[in-house]
1. Given the conditions (1) at pLDDT below 95; (2) surrounded by fewer than 18 Cβ atoms within 10 Å (Cβ to Cβ), report the number of the one that residue 140 does not fulfil.
2. Among (1) over 22 Å from the mean Cα position of the chain (by Cα); (2) at pLDDT 95 or above, where does residue 135 come up short?
3. Mind checking whether some residue in the range 183-193 is modelled with pLDDT under 80, surrounded by 14 or more Cβ atoms within 10 Å (Cβ to Cβ) and out of contact with any helix residue (DSSP H, G or I) (no Cβ under 7 Å at 6 or more places or on another chain)?
4. Which pairs turn up if I take residues in the range 131-151 that are free of Cβ contacts under 8 Å to residues at least 40 places away in the same chain and look for partners that are outside any helix (DSSP H, G or I) and exposed (fewer than 14 other Cβ atoms within 10 Å of the Cβ) with beta carbon separation below 7 Å, at least 6 apart in sequence or on another chain?
5. Just checking, does the range 100-122 include any residue being surrounded by fewer than 16 Cβ atoms within 10 Å (Cβ to Cβ), farther than 28 Å from residue 39 by Cβ and at pLDDT below 95?
6. Kindly indicate which of 29, 36, 55 is over 27 Å from residue 207 (Cα atoms), under 34 Å from the mean Cα position of the chain (by Cα) and modelled with pLDDT of 80 or more.
7. Being surrounded by 11 or more Cβ atoms within 10 Å (Cβ to Cβ) and at pLDDT below 80: is that true of residue 212 here?
8. Output the number of the condition that residue 126 fails; it satisfies all remaining conditions of (1) at pLDDT below 95; (2) in contact with a strand residue (DSSP E or B) (Cβ under 9 Å, 6 or more places away or on another chain); (3) part of a helix (DSSP H, G or I).
């Protein structure tokens with residue numbers, strides 16, 4: 001081989017094989033997808049939507065603490081008069097989980113799954129969510145939650161239940177004292193924001209979806 005002959009170029013290395021995403025990566029992708037706002041959501045609506053689950057979380061954690069760590073003994077569990085087949089700890093944990101899931105639906109008012117049903121849902125997956133199907137439950141929930149928690153706080157401060165009766169002896173406001181009572185009030189106080197925050201996000205959703213509908217229909221009317 002002469003000096004004029006160049007050496008053959010080395011073969012490019014094969015690209016690394018793509019590995020399947022780990023469970024943590026899939027969970028992170030699902031989390032980001034569920035929380036990502038759609039275009040047109042104002043910043044204040046995003047903040048309000050993200051604040052709803054955070055406002056509900058402290059009270060749920062407090063109820064679970066009463067079961068797991070027996071903070072305040074049996075106070076604050078919110079069991080009330082339960083049927084004999086339903087253990088109080090099961091009720092408390094279920095109540096906390098369901099409350100947080102309901103609070104999480106506020107994120108749907110700013111995310112894509114609040115406008116198009118996720119494809120993994122049988123029969124309805126991929127279909128567009130009618131605006132009123134989201135606005136009416138959210139608006140009703142905002143009114144009920146605002147009235148419920150405002151009434152509950154006002155009456156409890158007066159030493160009464162929502163029904164106007166004297167607080168029972170096993171009520172947290174009667175049983176707890178000192179730091180436990182202060183901590184209990186601090187965990188439940190954010191619930192006063194649940195209804196107003198949901199109302200704000202609901203209004204932003206209704207205005208965005210209404211504007212989008214008008215924009216899509218405008219060219220047809222012009223033609």
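The values are calculated or read from the model by the stated rules, or taken from the named source; none is laboratory data. All values reported here derive from a predicted model rather than from experimental measurement. As a convention, Cβ positions derive from the backbone with ideal geometry for all residues, glycine included, and neighbour counts pool all protein chains shown.
1. (1)
2. (1)
3. Initial filter on the range 183-193 (modelled with pLDDT under 80): none.
Looking through the range 183-193, none of the residues is modelled with pLDDT under 80, surrounded by 14 or more Cβ atoms within 10 Å (Cβ to Cβ) and out of contact with any helix residue (DSSP H, G or I) (no Cβ under 7 Å at 6 or more places or on another chain).
4. 151/162
5. yes
6. On the way: 36 fails: over 27 Å from residue 207 (Cα atoms); 55 fails: over 27 Å from residue 207 (Cα atoms).
None of the other options fit; the residue is 29.
7. Details: surrounded by 11 or more Cβ atoms within 10 Å (Cβ to Cβ): yes; at pLDDT below 80: yes.
Spelling it out, residue 212 is indeed surrounded by 11 or more Cβ atoms within 10 Å (Cβ to Cβ) and at pLDDT below 80.
8. (3)
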